[in-house]
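Trainee: Let me give you the structure first, and then I'll get to my questions.
The values are calculated or read from the model by the stated rules, or taken from the named source; none is laboratory data. Here the structure is a predicted model, which is why all the values come from computation and not from measurement. Backbone-built Cβ (ideal geometry, glycine too); neighbour counts: all protein chains shown. For the accessible areas, the whole protein counts, side chains as well, though only heavy atoms, and no ligand, DNA or RNA atoms are used. Shrake-Rupley method; radii C 1.70, N 1.55, O 1.52, S 1.80 Å.
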Amino acid sequence: MGSCLNKDTAQTERKIAQSQTDSELQPCETNAINSTDLQSPAETKAANKEINKVMKQEQEKDMQVMKVLLLGAGSSGKTTLFRQIEVIHGNEEKSNNRLFVSTEAMKEMIRYNCVSILVKFLEKSEVLSQPPHFITSCKVDTEDPAIKSAIECLVEFRKNKMQNMFETEKCSVDELKHLGEAMQLLWSLQGVKETYKRRQFFSCMENMDYFLDKITAVMDESEENRFIPNVQDVIHARMKTTGIVQRQYEIKNVSFHIFDVGGQRNERRKWIQLFDNVNAVIFVAALNHYSSVLFEDETVNAMQESLDLFDKTLNSGWFDKQYTQFILFLNKNDLFINRLRDDKVSLSLCFGEKWRGSDFGDRDANDFKSAKDEKAWFNTCYHEALVFIKGRYLKKGKDAQIFTHITTATEKNNVKKVFDDVRTGIISHALQTSVMYIETS
């Protein structure tokens, strides 16, 4: 009797175990169907209503957060725009690293960049004054005792001291003062200034003239006049973005989740992880890049790289063009004007024979009857160049709707006005797509 009970029990346990295993392999809807069968029609209707309510609440919650990506090639000004948005809409209480980096780290980076770029100008001045360029105005007289001494100071500092700039063992006040005076002399040389004007031949950090024009103040570490970067210094500073930087802002009861990414080639593979549920892509392209080359490859024109990247981003298939709004920022308008007017660099440098517009350098200063006449001529050249570049980008969009803005990221008022317009457009577009979704669901 006992053995029979044990046998029957064992068989029952095996059947139960098998039943549980079978149920785990079945779709989850088995239990749902059974529970629905037990519900009355009124209960089922109430349950469905509750589910729809929860789904609608989640949808409305998603609608309240606008996801915005800042994309573009390296050195296009994405991070500068992001810093301005932080100045305008960020939390002022986060003072030390409010602009994504501590004040001390930014100071050392500015000094590091100033030393590096001035060394590069001296190197390139030698290259440009020789074949095949033969630009003799770039030549620096390295035999002049004062110039030779300043160069030796700069090179010695770069070789033996620069690695310590980011360590606790800082350079002395006198060392930095001596370096600042040497750099001031070198930056004042005509050969260095002429080399800077011809930066289309080599990769160059932008806005460095902003710091080099006050280099003795930048290198001052004395107690009375210690250099502490202000907001404008940080806005003008160049710091390569690596990885992904994100901030969330509450602007007029709407949350904006903004992402900044590195634009150089080795950073772009990280972009894809951000491509879900994007309300707007702001593609930042630098207008002055028609006369620049890539940091990664000095044989490649920076604007041609930007156009190719814009094409790939816009037509990648990752973004639903009904849901995601595309916005093009033609940035660095101030530097664009400088290159066209002061440096007289033609768009043919980037576009060859495709550019058939007017160049400011086509007319000599003696051709103008007045300053007003000269200004009118430049305005003609500027608007032709701007329309041409804008057309090259929009052509990549085919039938896509692309909203375009001309920006100067270093100017707070300009960024505020443009971003207000963009913000309104993003919200309006999000509301329209939400209505479309509800109507089709």
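Trainee: Taking a 1.4 Å probe, which of Glu298, Glu156 shows the most accessible area, and what order do the others take after it?
Mentor: Working: Glu298 70, Glu156 100 Å².
These residues rank, largest area first, as Glu156, Glu298.
Trainee: I've got another one for you. In the range 209-252, how does Rg compare with the Kirkwood Rh, expressed as the Rg/Rh ratio over alpha carbon atoms? Mind dumping the intermediate values first?
Mentor: On the way: Rg = 15.2 Å, Rh = 13.3 Å.
Value, to two decimals: 1.14.
Trainee: Report, in whole Å, the centroid distance computed from the Cα atoms of the range 275-307 and the range 322-381.
Mentor: 19
Trainee: For Lys159, go through the lysines and keep the ones whose alpha-carbon is under 18 Å away, minus same-chain ones fewer than eight residues off.
Mentor: The qualifying lysines are Lys120, Lys148, Lys170, Lys177.
Trainee: Oh, and also: Arranged from highest to lowest average of other beta-carbon atoms within 10 Å per residue, in what order do the peptides 194-205, 276-287 appear?
Mentor: 276-287, 194-205
Trainee: Another one. Within 10 Å, count the other beta carbons around each residue, average over each peptide in 398-406, 364-372, and list them highest first. Walk me through the intermediate numbers first.
Mentor: Working: 398-406: 13.0, 364-372: 8.6.
Top of the packing list down: 398-406, 364-372.
Trainee: In a Debye calculation with equal point scatterers on the alpha-carbon sites of the range 309-423 and no solvent, what is log10 I(q)/I(0) at q = 0.17, 0.20 Å⁻¹?
Mentor: -0.97, -1.16
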